[in-house]
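The values are calculated or read from the model by the stated rules, or taken from the named source; none is laboratory data. All figures in this text were calculated on a predicted structure; none of them were measured in a lab. Ideal geometry is used to build each Cβ from the backbone, glycine not excepted, and the neighbour counts take in all protein chains shown. Side chains included, ligands, DNA and RNA excluded: accessible areas come from the protein's heavy atoms. Shrake-Rupley method; radii C 1.70, N 1.55, O 1.52, S 1.80 Å.
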Amino acid sequence: MRTGELLGTGRSADVYAYGEGWVLRRYRVGLDAGPEAVVMEHLREHGYPVPRVRPPRPEVPRELVMERLSGPTMLETLARGGTTPEAAGAQLAGLLRRLHAVPARVGARPGDRVLHLDLHPDNVMLTPDGPVVIDWSNTEEGPPGLDLAMSALILAQVAVSGAPLAEGAGTGLVALLRAAGRVSGPGDASGESFEDLLLDVRERRAANPTLSDAEREQLDEAVTLVRHRYDAVVPG
């Protein structure tokens, strides 16, 4: 089956119409979509809201065929005032909490869970049946606090950028951290504090080839913002 119209393009992939009720996600970089599809099926089996996927084809490892969703992204809804940054931040926290309630697929360490590692408003589709989380290309297993730290840092980068949604991103960051609560720190299964996890995701973001030079230059300011907001709004 041939691909149809181009529906969207992101930092690393393009999405095309693909028959009735399906889309094809094609990576422009050398990513293998197979592991992503396996994780998404694992999550669906446990009731987590992700698109249905077709079995990947080994001959085209950069392509993933998945369910076509209807509805705007959370980011689009924020941009037109259809939801508030406070509500969006709390909803992101709820999606992380639901995700980390799913048993790990591999589970190398006690307490490890499936992580999204790129959960932000542009990766949540607000469908008539509720929010659905898309773009699992960064997924891996690890301590849940790593996911929270990554989402917080992404929001903080927008907040310090001066972009049109910067103020809302700062508000959403506070709501996310408040709703998520405290990472338990050295006493938890990962043995890592939120500060450890925040520095980890800072290095991951710095190594992301899709980030611009300007975004990399803002990382330290964004880390400082997350650190200050976390200490201010999360009970000790």
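Give the accessible surface of the chain per residue, rounded to a whole number of Å², with probe radius 1.4 Å and ligands, DNA and RNA excluded.
That works out to 48 Å² for each residue.
For a Förster distance of 22 Å, can you work out the FRET efficiency between the beta-carbons of LEU211 and ASP14, rounded to the nearest 0.05? If you can, show how the numbers build up before the last one.
On the way: r = 19 Å, r/R0 = 0.86.
Computed FRET efficiency for LEU211 and ASP14: 0.70.
What is the chain's relative contact order, in percent, from Cα pairs under 8 angstrom and six or more apart in sequence?
Contact order relative to length: 16 percent.
Using the crude model of +1 on Lys and Arg Cβ and -1 on Asp and Glu Cβ, and no other charge, please compute the dipole size for the chain relative to its Cα centre, in debye to 20.
The calculation lands at about 460 debye.
Of the candidates ALA214, ALA169, ALA79, which one comes out as most mobile in a Gaussian network treatment of the chain with C-alpha springs shorter than 10 Å?
Comparing ALA214, ALA169, ALA79 in a Gaussian network model of the chain, the most mobile one is ALA214.
Work out the length of the dipole vector of the stretch 118-203 about its Cα centre, built from +1 on the beta-carbon of each Lys and Arg and -1 on the beta-carbon of each Asp and Glu, and round it to the nearest 20 debye.
With Lys and Arg at +1 and Asp and Glu at -1, about 400 debye.
Just need log10 I(q)/I(0) for the chain at q = 0.16 Å⁻¹, Debye formula, equal scatterers on the alpha-carbon atoms, no solvent, rounded to two decimals.
After summing over all Cα pairs, the log10 values are -1.23.
Taking all protein chains as present, what is the carbon and sulfur share of the accessible area of the chain, in % to the nearest whole number, probe 1.4 Å? The partial results should precede the final answer.
Details: 5820 of 11380 Å².
Here carbon and sulfur together make up 51 percent of the probe-accessible area.
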